[in-house]
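The values are calculated or read from the model by the stated rules, or taken from the named source; none is laboratory data. Predicted model only: the values in this text are computed from it and were never measured. Here Cβ is always computed from backbone atoms with ideal geometry, including for glycine, and neighbour counts include all displayed protein chains.
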Amino acid sequence: MSAPDYPGLDTLALHAGSQPDPATGARATPIYQSASFCFPDSDYAASLFNIERAGHVYSRLSNPTNAVLEERIAALEDGVGAIATASGQAALTLAIMTLMGAGSHIVAAAALYGGSHNLLAYTLPRLGIETTFVDARDPQAFAAAIQDNTRLIFAETVGNPGLDVLNIPKVAAVAHEAGLPLMVDSTFTTPYLIKPFEHGADIIMHSATKFLSGHGIVIGGLLVDGGRFDWDASGKFPTLTEPYEGFHNLVFSEEFGPAAFIQRARKEGLRDFGACMSPTTAFHILQGVETLGIRMNRHVENTRGVVEFLNQHEQVSRVGYPELEGHPDQALASALLPKGCSAVFSFDLVGGREAGIAFVDALNLFSHLANVGDAKSLVIHPASTTHHRMDAAALAAGGIGEGTIRLSIGLEDPKDLIADLKQGLRAAGKIVAKQAVAL
Amino acid sequence: MKLAIENNDVYCYTNSRDIDPAKPSIVFIHGSGMDHTVWTLAARHFARHGNNVIAIDLPGHGRSTGAPLENIPAMADWLEQVLDALKIDVSAVVGHSLGSLVALEFSAKYAARTRALVMVGTIVPMPVSSAILAACKNNDHAAFDMLTQYGLSKRHQFGGNRSSGIWMVGSALRLYERSQPGVLYYDMNACNEYQSGLEQAAAVECPVLLVLGSEDRLTPVRGTRPLQEAFHQPEVSVIQGAGHTLMMEAPNALLDALHRIL
């Protein structure tokens, strides 16, 4: 007897969590668009409320369509469980609120999505949770920033938008040495490009709005529990290891073992903060997840072609893609991200801000908007949009210049993408020529 | 709740309640390499329904300290010590897989202290393949993989958990990975070497319920005939579609089955 192989990623992406609908035989996962679910009798109802039976009560807490998505993502990440949330921001907030309260501290990478930075830098301090931002490329900087009241280490698998590759094994070791969990935002990479739990991360969040759903049609998030962090041994997480008065003194680590974190997040966080996902949204994300593997493969191949083109262009002063020779994370990317470093990257145009604006305005095929991970190619100028609240120093810490352009490469024919970029570069070139004349 | 037996901690999940001598008691015993958390839903249910519930961690498992016990009779004797310490004279004993053999041995040897026996995901004898034993002995992760994959029905390899968002493959693996090195080998070896089960079954006097998964590949239903014949008129509940890991794969159907005898 030997262990059969576990199903592969493409198979799990299609099948994990779902079965033909027992009521109708429907093969696609139905949209259970129902706020609540009937109880066969009073004792059954009581047993659902008291976590004696498995089932659904109210769609803020759980829903059959969402459950399929949650199980599928947990399967793709090799976690113990997942929760679908209203957005990626809701997933991040849910994780933080599950782990800590006022007086706590987070160590986070400086290179973060602007929305995450806003939450950590401006909103959470009002609730008594402070964050120290450190260089994502320096594991020792994470170690140095840890305080007695630190409760979480947080970073992106590849930073937004500079694609700083997180050394997950080293940062996880730093976190674990201090009795802390490492949470990573794997939105840009998805389980197709990296499985962070295999490298030591403890919690994963996704903005499912991006590559997981893949078509830019919904807002959603996912929070995944790896199930390996020992909350009891750490001793720093009373929400998971001490009686919870809000649920009849339930001790989550005692009753749910490896799933303590994700169960508390659902039983308290979804219940009280209410940032649940609509079942229709879950259905849309499931359609995207079904083709995750083939889409990500094409995203990456198209990106490599565009990166090669831009990297050889005289009007481009820098291309930030970790697979390129000379990129500071090239070796790390090769080890952790052999299938590719996402399909979002940034580059700097000669000519700075004015050239960047001319470039963006001249593009036709690329859509100018604030999103990434769409099947369609996207472009944005971070300094004036997604990261506009950050001052120059904070921008620089995140690897962003005033003329930085961020591209999200879609699934179009690559020759058409490059043709569109050439058009943008011609417009930018005219700005550079004018600047030269002015000098 | 923690007790001390022979200088080792013994952990019993009791739903955060003290033992009430006026209430009936139910003891839940986990399977190889597992711990009390596999019984959380059932224990919570029967606690609310007026029972003392005691979901134990066998020595060296979960939150209990000490070396794992080498054989099923030793585990049954240890259970008697636990119940003595808890001042529980009579209880129903519910066990899964390895735990079902402990429950069987206890029910036969300590008949006066057993009011009902429930064996979940069971077979007697319970031979373990040499490949699994070898992997367990080497503390090879392949042992966890084999037990997880053969422990779930083929359908449940792809999930379909009634508990929202919980991935059964990952949950089973994490529990095995938490076990101390060597513990799984002790457990599997104890199952493999327990040869007196059918004789003990014939000695059981209390009501008996077998709860089996129709798709169980580790302890298949078709192999339970000798056990069913050894008992005096056991109740048998076969849960359709479920594999060996019934508490995870079919928690509601299992609860309904347990109500037939508890």
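Quick one: which of A:Ile294, A:Ile285, A:Ile219 is in contact with a helix residue (DSSP H, G or I) (Cβ under 8 Å, 6 or more places away or on another chain), part of a loop (DSSP other than H, G, I, E, B) and not acidic (Asp, Glu)?
On inspection, the qualifying residue turns out to be A:Ile219.
Here A:Pro191 fulfils each of the conditions (1) away from chain B (no Cβ under 12 Å); (2) within 17 Å of the chain's Cα centre (by Cα); (3) in contact (Cβ under 8 Å) with a residue 60 or more places away in the chain; (4) outside any helix (DSSP H, G or I) apart from (4). Count of region B:216-234 residues, restricted to those that are in a loop (DSSP other than H, G, I, E, B), crowded, with 19+ Cβ neighbours inside 10 Å and not β-branched (Val, Ile, Thr), is 4.
Taking region B:20-52 as the range and being away from chain A (no Cβ under 11 Å) and over 14 Å from the mean Cα position of the chain (by Cα) as the test, the residues that pass are B:Asp20, B:Pro21, B:Ala22, B:Lys23, B:Pro24, B:Ser25, B:Gly50, B:Asn51, B:Asn52. Within region B:183-198, restricting attention to residues that are more than 16 Å from the chain's Cα centre (by Cα) and outside any helix (DSSP H, G or I), the residue that is farthest from the other protein chains (Cβ to nearest Cβ) is B:Ser196. Report whether or not A:Ala136 is in the same structural domain as A:Glu198 (by TED's automatic domain parsing) and crowded, with 21+ Cβ neighbours inside 10 Å. Yes, satisfied. A:Lys376 fulfils the conditions (1) at pLDDT below 95; (2) within 26 Å of the chain's Cα centre (by Cα) except for a single criterion, (1). Within region A:276-293, restricting attention to residues that are β-branched (Val, Ile, Thr) and surrounded by fewer than 19 Cβ atoms within 10 Å (Cβ to Cβ), the residue that is nearest to A:Thr11 (Cα to Cα) is A:Thr291. For residues in region A:1-47 being acidic (Asp, Glu) and at pLDDT 95 or above, which is nearest to A:Thr190 (Cα to Cα)? The extreme case among them is A:Asp10.
The single residue among B:Ala201, B:Ala116 that is in a strand (DSSP E or B), among the small types (Gly, Ala, Ser), more than 11 Å from chain A (Cβ to nearest Cβ) and farther than 30 Å from A:Asn66 by Cβ turns out to be B:Ala116.
Using the structure shown, decide if A:Ser18 is within 31 Å of the chain's Cα centre (by Cα) and facing chain B (nearest Cβ under 10 Å). Judged against the criteria, A:Ser18 is a match.
Please tell me if A:Leu336 is modelled with pLDDT of 95 or more, touching a strand residue (DSSP E or B) at 6+ places or on another chain (Cβ under 9 Å) and not assigned by TED's automatic domain parsing to the domain that holds A:His199. It would help to see each step written out before you state the result.
Working: modelled with pLDDT of 95 or more: yes; touching a strand residue (DSSP E or B) at 6+ places or on another chain (Cβ under 9 Å): yes; not assigned by TED's automatic domain parsing to the domain that holds A:His199: yes.
Answer is yes for this residue.
Restrict the check to region A:83-102 and report whether at least one residue is within 10 Å of chain B (Cβ to nearest Cβ) and under 23 Å from the mean Cα position of the chain (by Cα). Yes, region A:83-102 contains a residue that is within 10 Å of chain B (Cβ to nearest Cβ) and under 23 Å from the mean Cα position of the chain (by Cα). In this structure, B:Gln180 qualifies as over 30 Å from A:Leu286 (Cβ atoms), away from chain A (no Cβ under 12 Å) and part of a loop (DSSP other than H, G, I, E, B).
Of the residues making up region A:40-60, those that are at the interface with another protein chain (Cβ under 8 Å from one of its Cβ atoms), of a type in the set (A, V, I, L, M) and in a loop (DSSP other than H, G, I, E, B) number 2.
When restricted to residues that are out of contact with any strand residue (DSSP E or B) (no Cβ under 7 Å at 6 or more places or on another chain), hydrophobic (A, V, I, L, M, F, W, C) and surrounded by 23 or more Cβ atoms within 10 Å (Cβ to Cβ), region A:253-275 contains 2.
For region B:142-174, filtering for residues that are among the polar types (S, T, N, Q) and under 19 Å from the mean Cα position of the chain (by Cα) leaves 4.
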